[in-house]
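Peer 1: What follows is a structure written as structure tokens; I'll ask about it next.
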Ligand SMILES: Cc1cc2nc3c(=O)[nH]c(=O)nc-3n(C[C@H](O)[C@H](O)[C@H](O)COP(=O)(O)O)c2cc1C
């Protein structure tokens, strides 16, 4: 199995990173997994320039030569893509949205890049997450990936500091159990391949 984890938070070891780690631990209980972690905050990924060269060029290659190509290179063979991001001002972080916009270059080939992949949105938030879930649900019909989500509200009503998810064993267990169930689904579908 191959898993890609896109880390959208600038906070290493924060809530979304921690849940992604537990998800991956869960998936690893089901078989061998090659994991590609992309710390988007540390990568040089320029915003999409809307040049449409991915749409018009023969190989649909993105014209911008930067770290996004590390993600492009492994995306087609991934079985599961984890989108781990906090909510910032009503949506996924800018780091995640920038990478997402650049996936326009992969949108040209649904069968190769999206069809039947497991997409897992790990969203951490204080007040709301619906806009980001809404995005995944809206595009799912077209790209035909399988979608699951894991949500964690870090809000502390009694003080300025959020609750770190490591204090919530139930949520960590939910993350690893989601990883385990998705691992089983992938292993089963791979073993059914001719
Ligand atoms: C700049 C900034 C903007 C935020 N905006 C929102 C928001 O619009 N909605 C929300 O529910 N939480 C918002 N939050 C709270 C984070 O989503 C929340 O603290 C989350 O658990 C952080 O996840 P992390 O530990 O993975 O970075 C914001 C936090 C920051 C720092």
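Please treat every number below as a calculation from the coordinates, not as lab data. Worth saying up front: this structure is predicted, and the values here are computed from it rather than measured. Positions of Cβ are generated from backbone atoms using ideal geometry, with glycine treated the same way; all protein chains shown enter the neighbour counts.
Peer 1: Please identify which residues in segment 102-136 have an amide N closer than 18 Å to a label point set 7 Å out from the Cα of residue 72, following the Cα→Cβ vector.
Peer 2: Only 102-114 pass the distance filter.
Peer 1: Neighbour counts of other C-beta atoms within 10 Å: give me 23, 136 arranged from fewest to most.
Peer 2: 136, 23
Peer 1: So what is the calculated 222 nm ellipticity per residue for the chain, using -39500 (n - 2.57) for each DSSP H run with n of 4 or more, over all residues, to the nearest 500 deg cm²/dmol?
Peer 2: Values: 7 runs with 76 residues, N = 194.
Result for the chain, helices only: -12000 deg cm²/dmol.
Peer 1: Sorted from fewest to most neighbouring beta carbons within 10 Å, what does the list 51, 62 look like? Present the calculation step by step, with values, prior to reporting the outcome.
Peer 2: Details: 51 12, 62 21.
Least to most surrounded, the residues fall as 51, 62.
Peer 1: Using 0.36 nm per residue, how much length does the chain from residue 34 to residue 181 gain when fully extended, once their Cα-Cα distance is taken away?
Peer 2: Details: separation 147, 0.36 × 147 = 52.92 nm, distance 1.70 nm.
Result: 51.2 nm gained on full extension.
Peer 1: 7 Å from Cα along Cα→Cβ at both residue 89 and residue 115: what's the point-to-point distance in nm?
Peer 2: Spacing of the two 7 Å Cα→Cβ label points: 3.9 nm.
Peer 1: Pairs of Cα atoms under 8 Å, at least six residues apart: use those to get the relative contact order of the chain, whole percent. Could the numbers behind the result be given before it?
Peer 2: Working: 332 pairs, mean separation 59.3, N = 194.
31 percent.
Peer 1: OK, next. Rounded, prolate or oblate, given the Cα gyration tensor of the chain, with a/c below 1.5 counting as rounded?
Peer 2: oblate
Peer 1: Considering only C-alpha atoms, what is the centroid distance from segment 24-96 to segment 104-158, in Å?
Peer 2: Taking the Cα centre of each part, segment 24-96 and segment 104-158 sit 13 Å apart.
Peer 1: Based only on other Cβ atoms within 10 Å, what is the fewest-to-most ordering of 101, 173, 17, 65? Before the final figure, lay out the partial values.
Peer 2: Values: 101 16, 173 12, 17 22, 65 9.
Ascending number of Cβ neighbours within 10 Å: 65, 173, 101, 17.
Peer 1: From the Cα gyration tensor of segment 47-114, with a ≥ b ≥ c the square roots of its eigenvalues, which class applies: rounded if a/c is under 1.5, or else prolate if a/b is larger than b/c, or else oblate?
Peer 2: Values: a/c = 2.05, a/b = 1.35, b/c = 1.53.
Taking the square roots of the gyration eigenvalues as a ≥ b ≥ c, segment 47-114 is oblate.
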